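Remarks on the structure that follows.
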Amino acid sequence: MLKLPELNSLHYGDCLEVMQQWPDETIDLGYFDPPFNSNAKYHQLYDTKDDNRGTRDAQLQAFDDAWRWNTTAAERVANLLDAPAHPAHQVIEAFAKWPGEGGMLAYLSYMAERIAGLHRLLKPTGSVYLHCDATAAHPLKLLMDCIFGPENFRREIVWQMKSRSGFKSRAANWIRDHDTILYYAKSDRATFNKQFEPYSEEYVARSFTQKDADGRRYRQRGNKRYYEDEGGIPYGDVWDDIHSFQTATRSQEYLGYPTQKPLKLLERIIQASSNEGDIVLDPFCGCGTTVAAADKLNRKWLGIDISLHALEVIKLNRFPGRAIPTSGIPADFAAAAQLAKQNPRHFEVWALNCASQGLAPNDVQTGDGGIDGRGHTLLQPDESNSKLVLAQVKGGKFQLSQLRDFLWTLEREKAAMGVFITLNPVTSRNAQAELLRLGTVTVGTETYPRVQTWSLQEHFKGQRLRMPDMKNPYTGKPLQPSLQLML
């Protein structure tokens, strides 16, 4: 029997798989801030470009950079096309004709499964906010219409992210300074509490000119209308009073997380579409703005993310000193071995996260060309023309042939370094001889094995993988040293 987990908890894994474990109609409010452009690549990294795209639209090209059409995407679309009862079946059928096979269809089919999963979880009084940008806002609206019903569309909220004061940009086109938030209700019974912008002091002094015996300001329009009772000016669907961290990167609230949203933005959404004690779910919780806002406003919450780094950021920065239940992460070696058997893909992503925050998991589950993860060193090794680091994860018994295949992959991809991750330490003398033969690389002033093995058994003994400084695989910027060591 499905049941909700302990509330006020975090969950590691693909949100689709996690949500499938929970019962229908148990969530009051959902907020989606999914990956939606090439600067926020979720859990993929592609450093090469396809030279055969010609002059395709730049927006679609951005998706091709981040969302590749591969066997995983093809299987996902085929499953949706073969399931006429799935709420997204018809719109995916249309998308399969246009734009057709490619990064956009890969993305939309990925989102279709997860939006439908959240729709199932929402109570009849529930609602959802989907955060996106112009790259995919319009096809996502069609997807939401198909799953929620067009009659349950409530508003397209325009969030103006940047202050117009002192605005500078080198853009040759209209300056992009907004995101779109699609707001849908589960039914006409959905909770909504109107939100107000407080009156300015000047307006209060000018409009509420009279005072009663208790000193309370009011204005006389037929009946007395007290300032305290009016609430203020109702917010519309253009929010220009909350600015992103691009204009305030030194704010104490900013954690350095690439897609972090301001707390005030989530507070407005949560106050409007839930009540105290309600359950708020963020399936792509990132650095935890949603769960922090829900906690602050006395809501219950659940957060899901496929990045161990994200969950650690939440626990260390959002709830310091507080024990936050976290599921899906093996607590010991036995649990890791069990995960490798039960869910190899989940194990693979988890193992890469444990190894280095500079390694991004490959989205391809089959036919991955011998590559499970990839990243880039901050500095180029002296002995290589590349900064590329490749990784492979094996959850079964070590086989020398697998290591040799990986070494061949490194040569094929002209990678600077390689990491071969296993459950148990590799003790084979032949394997060690192969690695010694490959020698070392020098990065900056430090020397590292060109290829090294590392095991989850070593992880649980506190033995970290020794790696040079890496780039953040989701931004291309230097990975903060404190975050490299966090896990």
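Taking a ≥ b ≥ c as the square roots of the eigenvalues of the Cα gyration tensor of region 346-487, is the shape rounded (a/c under 1.5), prolate (a/b larger than b/c) or oblate?
Numbers: a/c = 1.31, a/b = 1.15, b/c = 1.14.
Verdict is rounded for region 346-487.
Where q = 0.18, 0.20, 0.25 Å⁻¹, what log10 of I(q)/I(0) comes from the Debye formula for region 365-430, counting one point per Cα? So the normalised log intensities work out to -0.69, -0.83, -1.12.
Most simply put, the chain has about 50% antiparallel DSSP beta bridges, counting only bridges with both residues inside it. Spin-label model, K397 to N223: label points 7 Å out along the Cα-to-beta-carbon direction sit 8.2 nm apart.
For the chain, which whole-number percentage of the solvent-accessible area (1.4 Å probe, protein heavy atoms only) is attributable to carbon and sulfur atoms? Before the final figure, lay out the partial values.
Values: 11170 of 23460 Å².
It is 48 percent, rounded to a whole number.
Inter-part distance, region 16-37 to region 189-226, computed on C-alpha centroids, equals 39 Å.
For Cα pairs less than 8 Å apart in space and 6+ apart in sequence, what is the mean separation divided by the residue count of region 237-318, i.e. the relative contact order in percent?
Values: 100 pairs, mean separation 20.6, N = 82.
Result for region 237-318 is 25 percent.
Sorting 348-359, 141-152, 8-19 by average packing, meaning the other beta carbons within 10 Å per residue, from highest down gives 348-359, 8-19, 141-152. Couplings 3J(HN,Hα) for region 370-385, derived from phi with the Karplus relation 6.51 cos²θ - 1.76 cosθ + 1.60 (θ = phi - 60°), are x, 10, 9, x, 8, x, 9, 6, 5, 10, 7, x, 4, 8, 9, 9 Hz, where x marks Gly and Pro.
Where does each of 217-223, 235-241 land if you order them by average Cβ count within 10 Å, highest first? Show your work: numbers first, answer last.
Numbers: 217-223: 11.3, 235-241: 13.7.
With the highest mean Cβ count within 10 Å placed first, the list reads 235-241, 217-223.
Using the structure shown, select from K261/K315; K141/K477; K261/K461 the pairs with a Cα to Cα distance greater than 27 angstrom. The pairs that break the limit, which is 27 Å between Cα atoms, are K141/K477; K261/K461.
Residues E75, E446 ordered from highest to lowest accessible area at a 1.4 Å probe: E75, E446. The order of the peptides 456-463, 469-476 by mean Cβ neighbours within 10 Å, most packed first, is 469-476, 456-463.
Determine the relative contact order of region 410-467: mean sequence separation of Cα pairs under 8 Å and six or more apart, normalised by residue count, in whole percent. If you can, show how the numbers build up before the last one.
On the way: 67 pairs, mean separation 23.6, N = 58.
Reported relative contact order: 41 percent.
Per residue, how much accessible surface does the chain expose to a 1.4 Å probe? Answer in Å², no decimals.
On the way: 23460 Å² over 487 residues.
Roughly 48 Å² per residue, with all protein chains present.
The trypsin sites (Lys or Arg not before Pro) of region 385-415 that meet both conditions, a loop assignment by DSSP and at most 15 other Cβ atoms within 10 Å of the site Cβ, are K397, K414. Normalised by the number of residues in region 264-413, what is the relative contact order in percent for Cα pairs under 8 Å and 6+ residues apart? Normalised by residue count, the contact order of region 264-413 is 14 percent. Of the residues Y235, C132, Y184, the one whose Cα sits farthest towards the positive end of the charge dipole of the chain is Y235 (charges of +1 on Lys and Arg Cβ, -1 on Asp and Glu Cβ, taken about the Cα centre).
Label-to-label distance, W174 versus Q90, with points set 7 angstrom from Cα along the beta-carbon direction: 3.1 nm.
Between D332 and E197, the distance separating the two model label sites (each 7 Å from Cα on the Cα→Cβ line) works out to 5.7 nm.
Between region 310-379 and region 260-298, what's the alpha-carbon centroid distance in Å? Using only Cα atoms to place each centre, the spacing works out to 25 Å.
Would you kindly give the portion of the calculated P(r) for the chain that falls above 32 Å, as a percent of all Cα pairs? The partial results should precede the final answer.
Details: 55587 of 118341 pairs.
Distances greater than 32 Å cover 47 percent of the Cα pairs.
The values are calculated or read from the model by the stated rules, or taken from the named source; none is laboratory data. All figures in this text were calculated on a predicted structure; none of them were measured in a lab. When we count neighbours, we look across all protein chains shown, and the Cβ atoms used for this are built from the backbone with ideal geometry, even at glycine. Calculation scope for accessible area: heavy atoms of the full protein, side chains included, ligands and nucleic acids excluded. Shrake-Rupley method; radii C 1.70, N 1.55, O 1.52, S 1.80 Å.
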